[in-house]
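Structure first, then comments.
The values are calculated or read from the model by the stated rules, or taken from the named source; none is laboratory data. As the structure is a computational prediction, the values presented were derived from the model and not from experiment. When we count neighbours, we look across all protein chains shown, and the Cβ atoms used for this are built from the backbone with ideal geometry, even at glycine. Calculation scope for accessible area: heavy atoms of the full protein, side chains included, ligands and nucleic acids excluded. Shrake-Rupley method; radii C 1.70, N 1.55, O 1.52, S 1.80 Å.
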Amino acid sequence: MQRLSAIFIVCSLLIAGSSYASSTSKETLEAEKWFRKLSQRREKVAKLRFYIQDILGGPNATIWEVARSDITSLSHTMFGQVRVLDDLITAQPDPNSEKLGRAQGFITSADLRESALAMNLNFVFTAGKYNGSTLCVVGRNPIDAVDRELPVVGGTGVFRMARGFSISNTYSYDPVQNYGVLEYIVYVSYYV
Ligand SMILES: *[C@@H]1O[C@H](CO)[C@@H](O)[C@H](O)[C@H]1NC(C)=O
Ligand SMILES: *[C@@H]1O[C@H](CO)[C@@H](O)[C@H](O)[C@H]1NC(C)=O
């Protein structure tokens with residue numbers, strides 16, 4: 001039985017491998033062409049500014065706890081709390097301003113002494129100049145600081161192999177509605 005399933009796994013891998021290698025989809029060909037020309041590309045820099053609508057409570061919340069540790073409720077930093085979010089990105093602080101996309105990912109309270117998050121965030125642009133592209137942000141977010149710097153480690157679409165950093169701050173916070181607006185300024189270099 002064990003041997004049979006081992007053979008099955010090997011076959012599945014071979015099939016998966018061969019279909020991948022022989023794939024000639026439009027996307028694969030485009031990616032291959034893009035990559036081959038990498039040495040001829042030049043680096044371009046851009047500064048993006050946008051706002052994240054962080055609905056922390058209520059029926060339409062866009063950030064939800066998915067796990068916590070045994071000590072989270074006793075910890076003044078909420079150590080061990082893991083939350084998943086899917087926040088609206090807008091061009092202006094007003095939630096009704098132009099919708100640019102979503103900020104999706106998970107954030108973990110990962111500091112025993114002060115409030116700081118370990119971030120794993122994707123900016124998914126679905127409108128505007130960067131429609132169809134994503135940026136990936138990871139790193140330590142010291143949320144009590146006025147300006148928080150985070151590394152931008154990569155992306156997709158026009159942001160393939162991008163890198164940079166972002167500076168974010170809390171533009172506004174309404175404790176009654178439990179609604180925060182975060183401003184992000186992203187400095188990024190990418191290839192054209
Ligand atoms: C939640 O969303 C629904 C549908 O968009 C809306 O009608 C309602 O007013 C919202 N509730 C709050 C508290 O924002
Ligand atoms: C974003 O790009 C998609 C796919 O190309 C397109 O269907 C959509 O209309 C664009 N959205 C905006 C707001 O430009």
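Is there a residue in segment 77-84 that is in contact with a Gly (Cβ under 9 Å, 6 or more places away or on another chain), among the β-branched types (Val, Ile, Thr) and part of a strand (DSSP E or B)? Yes, the conditions are met somewhere in segment 77-84.
Within segment 144-190, the residues that satisfy the criterion of being farther than 29 Å from Lys44 by Cβ and open to solvent by 20 Å² or more (accessible area, probe 1.4 Å) are Asp144, Ala145, Val146, Thr170, Ser172, Tyr173, Asp174, Pro175, Val176, Gln177, Asn178, Tyr179. Say whether the condition of being open to solvent by 60 Å² or more (accessible area, probe 1.4 Å), in contact with a strand residue (DSSP E or B) (Cβ under 7 Å, 6 or more places away or on another chain), without any contact (Cβ under 8 Å) to a residue 40 or more places away in the chain and closer than 16 Å to Ile185 by Cα is met by at least one residue in segment 121-143. The answer is yes, given that some residue of segment 121-143 is open to solvent by 60 Å² or more (accessible area, probe 1.4 Å), in contact with a strand residue (DSSP E or B) (Cβ under 7 Å, 6 or more places away or on another chain), without any contact (Cβ under 8 Å) to a residue 40 or more places away in the chain and closer than 16 Å to Ile185 by Cα.
Residue by residue, here is whether (1) open to solvent by 70 Å² or more (accessible area, probe 1.4 Å); (2) more than 16 Å from ligand 1 (Cβ to nearest atom); (3) not polar (S, T, N, Q) holds:
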site	(1), (2), (3)
Ser39	yes, yes, no
Asn60	yes, no, no
Ala67	no, yes, yes
Leu88	no, no, yes
Gln92	yes, yes, no
Pro95	no, no, yes
Gly101	no, yes, yes
Asp111	no, yes, yes
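Show me the strands (runs of 3 or more DSSP E) found entirely inside segment 95-192 where at least 3 residues are closer than 18 Å to Val82 by Cβ and at pLDDT 95 or above. Let's see the steps before the verdict.
Working: elements: 99-109, 117-125, 134-141, 148-156, 163-174, 179-191.
Correct list: 99-109, 117-125, 134-141.
Kindly establish whether Lys33 is outside the structural domain of Leu117 (by TED's automatic domain parsing) and modelled with pLDDT of 90 or more. When the stated conditions are applied, Lys33 passes them.
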